[in-house]
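A.B. asks: Here's a structure for you.
The values are calculated or read from the model by the stated rules, or taken from the named source; none is laboratory data. These figures come from a predicted structure and were not determined experimentally. Cβ sites come from the backbone with ideal geometry, for glycine too, and all protein chains shown count toward neighbours.
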Amino acid sequence: MSSLNLPLLLIIAVAVCGVLALFDLLVLAPRRRAAIAQYQGSVAAPEPEVMEKLGKEPVLVEYGKSFFPVLFVVFVLRSFLVEPFQIPSGSMIPTLEVGDFILVNKFAYGIRLPVIDKKIISVGEPQRGDVMVFRYPSDPSVNYIKRVIGLPGDKVRYTLDKHLYVNDTLVTDEKVGTGYDRDLGDIGIYKEQIGNTEHLIHQALRGAMPGGQWTVPAGHYFMMGDNRDNSNDSRYWNDPSIPKDMLGMVPDENIVGKAFAVWMSWPDPKFSHLPTLSRVGLIK
């Protein structure tokens, strides 16, 4: 997802508009009132045009004061409550499609300071099965979205024949249909139960996938996409700058929030079609 540092830009915009509004309140507005009072005392019949000119705010101040309350509300909502994202890839198909616009609960896992992302109030912890947005460990400027598979202390195993185990217990799945993917060919559609969450996943019907076993360190999470054969997730991340026992893991400080709803879908990157509301709903 987008790597543009919108929180930082928003903070700067709020700060600039706020400073302009405060400077006007403390300095410029008193000067305007004094100028008007002086003019009224110097003439018998003050002219409305002159009064209006003396009382007029500078254009920069006028815009700053107008935008400040709007930007401040957006800043609070986006930083602490809900943040919108658009899905750029198919790694979470069928749960999320390319072009889905989603809403992310920013306080589900704790209230964090914007930009530095430091948790200041603990509210809750990620649970197995949650769909979570996080900053990619190897490049924190990029946001990823995957499903939480392993919690701190869990042992996760993925076999060559595409079976998933958590703490030596097979994650149950049931084949409910078939389909076709242009990248994977024939796929199976499975209903998977992990934690308290039941959702659908896609898996290619042909070919094996690399297996592996991981133990999730404290303060970290193991993530996988629902499009199991077409997802860059914890199974494959390999960054030499990250300690070996933490490869593939998402640290708690990288968490952005819990994805909970699709509010619009616009799959055409060229925007030649209108957006659709047919996929609006809660995310399972």
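A.B. asks: Restricting attention to region 248-284, and to residues there that are assigned to a loop (DSSP other than H, G, I, E, B) and closer than 22 Å to Glu125 by Cβ, which single residue is modelled with the highest pLDDT?
C.D. replies: Ile283
A.B. asks: Filter region 201-222 for residues that are in contact (Cβ under 8 Å) with a residue 60 or more places away in the chain and either in contact with a Phe, Trp or Tyr (Cβ under 7 Å, 6 or more places away or on another chain) or not in a strand (DSSP E or B) (or both) and give the result.
C.D. replies: Ile201, Trp214, Val216, Pro217, Ala218, Gly219, Phe222
A.B. asks: So which strands (runs of 3 or more DSSP E) stay within region 44-151 end to end and still have 1 or more residues that are among the charged types (D, E, K, R) and within 24 Å of Asp226 (Cα to Cα)?
C.D. replies: 82-86, 100-105, 131-135, 143-150
A.B. asks: Residue by residue through region 73-92, note down the ones that are in contact (Cβ under 8 Å) with a residue 60 or more places away in the chain and either out of contact with any Leu (no Cβ under 9 Å at 6 or more places or on another chain) or of a type in the set (Gly, Ala, Ser) (or both).
C.D. replies: Result: Ser79, Gln86, Pro88, Gly90, Ser91, Met92.
A.B. asks: Quick one: which residue in Arg32, Arg78 is under 29 Å from Tyr109 (Cβ atoms), surrounded by 14 or more Cβ atoms within 10 Å (Cβ to Cβ) and not aliphatic (A, V, I, L, M)?
C.D. replies: Answer to the check: Arg78.
A.B. asks: Any residue at all in region 151-163 that's assigned by TED's automatic domain parsing to the domain that holds Lys258, free of Cβ contacts under 8 Å to residues at least 24 places away in the same chain, farther than 23 Å from Glu253 by Cα and more than 17 Å from the chain's Cα centre (by Cα)?
C.D. replies: Checked against the condition, which is being assigned by TED's automatic domain parsing to the domain that holds Lys258, free of Cβ contacts under 8 Å to residues at least 24 places away in the same chain, farther than 23 Å from Glu253 by Cα and more than 17 Å from the chain's Cα centre (by Cα), region 151-163 yields at least one hit.
A.B. asks: Also, quick follow-up: Just the residues that are surrounded by 15 or more Cβ atoms within 10 Å (Cβ to Cβ) and in a strand (DSSP E or B), please, taken from region 166-188.
C.D. replies: So the first thing to find is which residues in region 166-188 are surrounded by 15 or more Cβ atoms within 10 Å (Cβ to Cβ), and the list is 166, 171, 173, 181, 184, 187-188.
Of everything in region 166-188, those that are surrounded by 15 or more Cβ atoms within 10 Å (Cβ to Cβ) and in a strand (DSSP E or B) turn out to be Val166, Asp173, Asp181, Ile187, Gly188.
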